[in-house]
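Written below as structure tokens is the structure these notes are about.
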Amino acid sequence: MLLAFLCAGDAQSERIDATCWSEPRVVDWSRDVGRIVRVETPEQLELAAEFGVEHVPSLIWLQDGEVVRRVGSESPQSLGAVSPGWLAHSLWH
């Protein structure tokens, strides 16, 4: 599962929304392998705190209920290079 902690009005969050979710390999992964959950962070502050999200956007991968990878949760700069291709590659590997 991928938890995508995003925020309406945030430029990086809006770029991810506009470009990543419709990328064919991301669509295939969400249909065949896992689930992508978009978390609107201002409305879900408790969930964000539970996962240690300090910045949006943040992407957190879960496997068997455990965090296996996180990007952006400690540093917003780490998500500057997120592109549809990068996300697709990250989901499948």
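Rule-based calculations on the coordinates, nothing more; no lab input. Note that the coordinates shown come from a computational prediction; the quantities given were computed from them, not determined experimentally. In this analysis, Cβ positions are derived from the backbone assuming ideal geometry, glycine residues included, and neighbour counts consider all displayed protein chains.
If the condition is being closer than 20 Å to CYS7 by Cβ and free of Cβ contacts under 8 Å to residues at least 24 places away in the same chain, then the stretch 26-43 contributes only GLU43. Scanning the stretch 4-39 for residues that are assigned to a strand (DSSP E or B) and touching a helix residue (DSSP H, G or I) at 6+ places or on another chain (Cβ under 9 Å) turns up ALA4, PHE5, LEU6, ILE36, ARG38, VAL39.
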